[in-house]
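The values are calculated or read from the model by the stated rules, or taken from the named source; none is laboratory data. Worth saying up front: this structure is predicted, and the values here are computed from it rather than measured. Cβ placement follows ideal geometry from the backbone for every residue including glycine, while neighbour counts extend to all protein chains displayed.
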Amino acid sequence: MNLNQNYDVFIIGGGPAGSIAGAKLVQSGFKVKLVEKMVFPRFVIGESLLPRCNFLLDEANMLACIQQANFQYKPGVVFQTDSDLEVINFENNLGESFNSSFQVKRETFDHELLLDAQRKGVVVEFESEVIDFDAQDCIITVRTKSGEVQRYQPKKVIDASGYGRVLPRLLGLEKPSEQAMRKAIFCRVTGDVRSLVDGKDGYIFVGIHDDNQAWLWNIPFNDGVTSVGIVCDEQYFKSFNLTESEFFDYIIQTNLPASKRYAQATKIQAVGCINGYSAAVTKLFDKNFVLVGNASEFLDPVFSSGVTLALESGAKAAELTIKELNGHSVDWQIDYADYMMVGINVFREYVNAWYDGRLQSILFCDDKAEKVSQSVVSVLSGYVWNQENVFVTNPKKMVDTIYRFSIIE
Ligand SMILES: Cc1cc2nc3c(=O)[nH]c(=O)nc-3n(C[C@H](O)[C@H](O)[C@H](O)COP(=O)(O)OP(=O)(O)OC[C@H]3O[C@@H](n4cnc5c(N)ncnc54)[C@H](O)[C@@H]3O)c2cc1C
């Protein structure tokens, strides 16, 4: 069988991580092939972005295509209990470069990015699936739509296969996540009540339900459609003895703010569900490959960090691959794995503090010093590599310290 050696880099998957990696590589003069299993546009969960995404897309010359697509402007996050609101306005950060974001239907957002990568020179093949990888000789095997089997031998493979987790599965790199088994149940609706916050539309609402046993997302799009989701422990869900769809309706009816917001709403798609979404791997790279986006580690959706981390890792993997292919040495452990872990570990601390309740105390504490508030906003905006932010350099200590302060108050 022919071995195609025409490409410098082979990318598995056309989500945000794959598109940004491909776009950066071709703009540096490398030949890139990207295969995508699905037909685009395709649905994927994860519709609320963070300001750091704009920074990363801007660096990759991809922000214009997103700005032109006219997505819903997102000024920030509102955390909501039955009786209280905490508004996180992205403008009140530590002086980061971008201080707003977008709410996006991912079928459109991902398609726009992939088309942009294609315009820049990435060779994209849809409905083709990676089925094997020889990590030793860097040989990737693909089955095309017509059933033909092709083999490629690039200089580097970037696995951006998201929930497909292609190389972790093929190479036995999967390891259990330390996060609890949680599930997300979701739907899109129209006719919900939209409330302005500080005179602005477009905030994501994150509702806290039943003493933090579950949380709800409300993501408004600019065509009147809203994404609604409920996240909880598997055990909590099972305790109701309901189907996913019944559970969705029950939580919406019994959560005070949601019952008002969705009183007149109509579902426009079937209720969907993802179980046990957290994932981890034993290693992020080897001589011939690197894992990016959800094909590497995924913690939790509560802070809408998934696409940010996908773009960050895709961009970083591309930068280091460019350096390596240009003949410079790269320390993938320090420059990629350790670097990515800085940001992932900040979110990890926040996710843990969210589920054990410490973060809610911090968020709803009224007497936070301005600098503390700005530092928290910077993290929630996705700027988790800013070494001037003490929540980045020392996340656990800072969360613990501010939590102790908040409960004394
Ligand atoms: C409940 C929930 C809610 C979330 N909410 C948010 C949110 O609000 N904001 C946010 O930023 N993130 C959110 N996320 C996370 C977000 O979904 C992911 O982090 C993001 O989609 C990762 O992007 P990616 O490019 O790594 O992969 P993906 O977007 O999953 O793209 C991977 C692509 O690879 C393709 N592929 C898979 N297998 C193969 C194969 N064998 N061959 C070829 N192609 C293949 C797939 O078809 C897919 O198109 C959420 C996650 C969950 C579980």
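Inspect all residues belonging to segment 67-82 and state whether any of them is under 30 Å from E370 (Cβ atoms) and free of Cβ contacts under 8 Å to residues at least 40 places away in the same chain.
no
Quick check on segment 99-127: of everything there that is within 14 Å of K33 (Cβ to Cβ) and hydrophobic (A, V, I, L, M, F, W, C), which residue is nearest to the chain's Cα centre (by Cα)?
Within segment 99-127, the match that is nearest to the chain's Cα centre (by Cα) is L114.
Being within 20 Å of S245 (Cα to Cα) and either away from the ligand (no atom under 15 Å from the Cβ) or not in a strand (DSSP E or B) (or both) is the filter here, so list the residues in segment 167-217 that pass it.
Correct list: M181, V189, T190, G191, D192, I208, H209, D210, Q213.
Within segment 1-16, work out how many residues are hydrophobic (A, V, I, L, M, F, W, C), modelled with pLDDT of 95 or more and surrounded by fewer than 20 Cβ atoms within 10 Å (Cβ to Cβ).
Result for segment 1-16: 1.
Here is a list: N218, N212. Which entry is touching a Phe, Trp or Tyr at 6+ places or on another chain (Cβ under 6 Å) and polar (S, T, N, Q)?
N218
Return the total of residues in segment 151-166 being crowded, with 19+ Cβ neighbours inside 10 Å and of a type in the set (S, T, Y).
Here the count works out to 2.
Given (1) within 14 Å of the ligand (Cβ to nearest atom); (2) surrounded by fewer than 23 Cβ atoms within 10 Å (Cβ to Cβ); (3) assigned to a helix (DSSP H, G or I), identify the lone condition not met by Y339.
Result: Y339 passes all but (1).
Residue check, E234 against (1) surrounded by 21 or more Cβ atoms within 10 Å (Cβ to Cβ); (2) within 16 Å of the ligand (Cβ to nearest atom); (3) free of Cβ contacts under 8 Å to residues at least 60 places away in the same chain, all met but one. Which one?
Failing condition for E234: (1).
Which one is farthest from the ligand (Cβ to nearest atom) among residues in segment 27-51 that are farther than 25 Å from N222 by Cα and within 21 Å of the chain's Cα centre (by Cα)?
This residue is L34.
Which ones in segment 216-234 are over 14 Å from V77 (Cα atoms) and not small (G, A, S)?
Within segment 216-234, F221, N222, D223, V225, T226, V228, I230, V231, C232, D233, E234 qualify.
Hand me the list of strands (runs of 3 or more DSSP E) wholly inside segment 32-116 holding 3 or more residues that are small (G, A, S) and closer than 30 Å to E148 by Cβ.
Once the strands (runs of 3 or more DSSP E) in segment 32-116 are filtered for at least 3 residues that are small (G, A, S) and closer than 30 Å to E148 by Cβ, nothing remains.
Taking V292, is it assigned by TED's automatic domain parsing to the domain that holds D211 and either within 16 Å of the ligand (Cβ to nearest atom) or buried (at least 22 other Cβ atoms within 10 Å of the Cβ) (or both)?
no
Here are the criteria: (1) within 19 Å of S381 (Cα to Cα); (2) in contact with a Lys or Arg (Cβ under 6 Å, 6 or more places away or on another chain). Tell me which single one I268 does not satisfy.
Going through (1) within 19 Å of S381 (Cα to Cα); (2) in contact with a Lys or Arg (Cβ under 6 Å, 6 or more places away or on another chain) one by one, I268 breaks only (1).
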